[in-house]
Amino acid sequence: MRRKENLMGRKIIQKEASLINRTSLRVRFSEVDSMRIVWHGEYIRYFEDGRESFGRQYSGLGYMEMHEAGYFVPMVHVEVDFKSPLKVGDIVIVETRFINSEAAKICFQYILYRESDMQVVATGESVQVFLNSSFELELLSPSFYQEWKRRWKIE
């Protein structure tokens, strides 16, 4: 683990990623605001695009796969730190980093880069929990999730 400060001066702990996925997206006109930069809410969508790409690369953790296993995985925390704006036509590289936790939750960190200069434009994190088919919180990691971790050698 590494300690660092975010833009607000808060001490944060950056954990080592167990698995990493990278995907590229082109900023569309519909994603910008009246200042002609990407509207802040779109970054959450970019994080979701990153999670979907991650689930395709590391099969077994896609939304539909978790649903078919009998679980819902709602978002309970999301955080974004903005560094530099994106504009229409920019290519953004979404790096999605799986952070292992012993708790029954899925944790990701994100680093978004502008492809043209590889500048970091945003960072963030998210946490999802497991609900069973009765929408009850699971306090222990579901067996499919434990299996998934074993398959990808996450300890």
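To the nearest 10 degrees, how steep is helix 42-57 against the longest Cα principal axis of the chain, on a 0 to 90 scale? Value to nearest ten degrees: 50.
Here the Debye sum runs over all C-alpha atoms of the chain as equal scatterers in vacuum, and log10 of I(q)/I(0) at q = 0.20 Å⁻¹ comes out as -1.28.
Our estimate of slack between Ile91 and Arg22, defined as 0.36 nm per intervening residue step minus the Cα-Cα distance, is 23.6 nm.
Extension gain, Ser134 to Glu52, is 27.1 nm, computed as 0.36 nm per intervening residue step minus the present C-alpha separation. So if R0 is 30 Å, what FRET efficiency would Ala104 and Ser84 give, r being the distance between their Cβ atoms, rounded to the nearest 0.05? It comes out at approximately 0.25. Relative contact order for the range 2-146: 25 percent, from Cα pairs under 8 Å spaced at least 6 residues apart, divided by residue count.
For the range 47-98, state the semi-axes of the equivalent ellipsoid (square roots of 5 times the eigenvalues of the alpha-carbon gyration tensor), sorted largest first and rounded to whole angstrom. Mind showing how you got there, number by number?
Working: eigenvalues 136, 38, 16 Å².
Output for the range 47-98: semi-axes of 26, 14, 9 Å.
So which GluC sites (Glu not before Pro) in the range 66-127 end up in coil per DSSP with only 14 or fewer other C-beta atoms within 10 Å?
Values: sites: Glu68, Glu79, Glu95, Glu102, Glu115, Glu125; in loops: Glu102, Glu115.
Passing both the DSSP loop test and the Cβ count: Glu102, Glu115.
Dipole size of the range 2-146 about its Cα centre, with +1 on Lys/Arg Cβ and -1 on Asp/Glu Cβ: approximately 540 debye, rounded to the nearest 20.
Overall dimensions of the range 64-135, expressed as equivalent-ellipsoid semi-axes from the Cα gyration tensor (√(5λ), whole Å, largest first), are 30, 13, 10. Modelled spin labels at Val120 and Glu68, positioned 7 Å past Cα toward Cβ, are 3.7 nm from each other.
Rule-based calculations on the coordinates, nothing more; no lab input. Only a predicted model underlies this, so the values are computations on that prediction, with no experimental measurement involved. Neighbour counts are summed over all protein chains in view; Cβ atoms, including those assigned to glycine, are modelled from backbone coordinates with ideal geometry.
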